[in-house]
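One structure below.
The values are calculated or read from the model by the stated rules, or taken from the named source; none is laboratory data. From a predicted model like this one, the values you see are computed outputs, not experimental measurements. Here the Cβ positions follow ideal geometry from the backbone for every residue, glycine too, while neighbour counts run over all protein chains shown.
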Amino acid sequence: MIIDVHTHLFPKRIRDSRDRYFADEPAFALLYGDPKARMIGVKAMVETMDAHGVDMSVVCGFPWLNPENIRHHNDYILEAVAGYPDRLIGLCCVNPFDPAAEQEVGRCLERGASGVGEIAFYQPGGITPEAVKALEPIMRLCREKNLPVLIHTNEPVGHAYPGKTDNTLIQIYEMVKTYPDSKIILAHWGGGLFFYALLKKEVRQVLANVYFDTAASPFLYEPDIYRVSMALAGEEKILFGSDYPLIMPSRYYKEIEASGISDAGREKLLGGNSAALFGIANGESA
C-alpha cells in the first residue's frame, strides 16, 4: 500500500479566483501568487493517485487568516473525504492565533477529520514562543483522540524559496518538547532535526512521538536523505509525503529506488508507517 501523507486540495471558488484572496492573505499570495503554482480539486487528486499507484492520500487545506476561508476550505476537505472514504484522509487546518481555532478544530474532528495540518507559521520570527503556546488547544484536542498534527518546518540554511519560513532548529525542537505526548508530523524532513537523534541525552526521548515527512525532498535533498534519515530517526518514523500538486509522486519513487534503502524499509516509508499512524487497515481508516 502507498499512502501519501502530505497533499493539498483547494475548493473551486478559490481555484477559480485566487487573486481575490491575495490582498488579505499574504502567505497565500506568497505561495500561490504565481499563476504557475498549481491548485487542484478532488477529482484531479484521485486521477493522479490512480495514475501514480497511490492507494490513499492525506489531504490538507491552508492556514488562512480569515476564519470564513478556513471554514470553507475545511468543509471542502471533509466533503472530499466523504466522497472518497477509501482513498482520502482529511486534516483540518486553522490559524492557531485565531481565537476560534479551538472551536473549528473540534468541529472538524467531530465531523471525521483525522487530525490537523498543515499548520504553518509564515509570519516573521518563525515558530516563536507565542506560536508554540497558541498550539496548545489544537494539540490537546488531537491528543485526546490520538490523532496527529502536521506542522510545516524547513531547513534554516541553504537557498531561499517561497514558503521558506524563519524557523530555527531550536524553535522546532522546543515546540515538540512542549508537547511530548502529542503525535507530531514535521513536514519537509523537520528541517533536519532528526540528525540530533544521535545525541546521547534527551533528544531521542523528546522525538519519541515525532515523525518526519518527505515533502518537497526532490527540490531540496540528495536521495541519500532517505537512507540517512531512516538510520538516524528509525525506519518507522519516516513518512512518504509528496506535497502534491507541487511534485508528482513518481518523482519520489525514482529517488527512493536510488537511495539504497532495503525493501522492508521502502514498504514502511511508502505506506506502512502512515497506515500505523492513522490506524489504516486494508485500505480503510480504522
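Okay, residues lined up against (1) surrounded by 19 or more Cβ atoms within 10 Å (Cβ to Cβ); (2) in contact with an Asp or Glu (Cβ under 8 Å, 6 or more places away or on another chain):
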{"site": "193", "(1), (2)": "yes, no"}
{"site": "196", "(1), (2)": "no, no"}
{"site": "202", "(1), (2)": "no, no"}
{"site": "208", "(1), (2)": "no, no"}
{"site": "226", "(1), (2)": "yes, yes"}
{"site": "233", "(1), (2)": "yes, no"}
{"site": "243", "(1), (2)": "yes, no"}
{"site": "253", "(1), (2)": "no, no"}
{"site": "256", "(1), (2)": "yes, no"}
>> Exactly one of these conditions fails for residue 149: (1) in contact with a Gly (Cβ under 9 Å, 6 or more places away or on another chain); (2) surrounded by fewer than 18 Cβ atoms within 10 Å (Cβ to Cβ). Give me its number.
In response: (2)
>> Among the residues in the stretch 275-285, are any of a type in the set (D, E, K, R), surrounded by fewer than 14 Cβ atoms within 10 Å (Cβ to Cβ) and at pLDDT below 95?
In response: yes
> Taking the stretch 210-224 only, how many residues are more than 26 Å from residue 146 (Cα to Cα) and surrounded by 23 or more Cβ atoms within 10 Å (Cβ to Cβ)?
Replying inline: 1
>> Condition first: in a helix (DSSP H, G or I), closer than 18 Å to residue 151 by Cβ and either aliphatic (A, V, I, L, M) or at pLDDT below 95 (or both). Can you find one or more residues in the stretch 66-73 that meet it?
In response: yes
> Only one residue in 112, 90, 117, 61 is on the phi > 0 side of the Ramachandran plot, under 18 Å from the mean Cα position of the chain (by Cα) and surrounded by 18 or more Cβ atoms within 10 Å (Cβ to Cβ). Which one?
Replying inline: 117
>> Return the residues of the stretch 128-157 that are hydroxyl-bearing (Ser, Thr, Tyr) and farther than 18 Å from residue 183 by Cα; say none if nothing qualifies.
In response: 128
> For the subset of the stretch 25-55 comprising residues that are among the small types (Gly, Ala, Ser) and part of a helix (DSSP H, G or I), which member is farthest from residue 163 (Cα to Cα)?
Replying inline: 51
>> Which condition from (1) loosely packed, with under 15 Cβ neighbours inside 10 Å; (2) more than 21 Å from residue 252 (Cα to Cα); (3) free of Cβ contacts under 8 Å to residues at least 60 places away in the same chain is the one that residue 51 breaks?
In response: (2)
>> Suppose we keep only residues that are under 20 Å from the mean Cα position of the chain (by Cα) and in a loop (DSSP other than H, G, I, E, B) within the stretch 191-222. Which one would you say is nearest to residue 269 (Cα to Cα)?
In response: 214
> Going through the stretch 233-282 one residue at a time, which ones are in a loop (DSSP other than H, G, I, E, B) and within 20 Å of the chain's Cα centre (by Cα)?
Replying inline: 234, 240, 241, 242, 243, 245, 246, 247, 248, 279
> Can you tell me which residues in the stretch 206-236 are more than 28 Å from residue 248 (Cβ to Cβ) and free of Cβ contacts under 8 Å to residues at least 24 places away in the same chain?
Replying inline: none
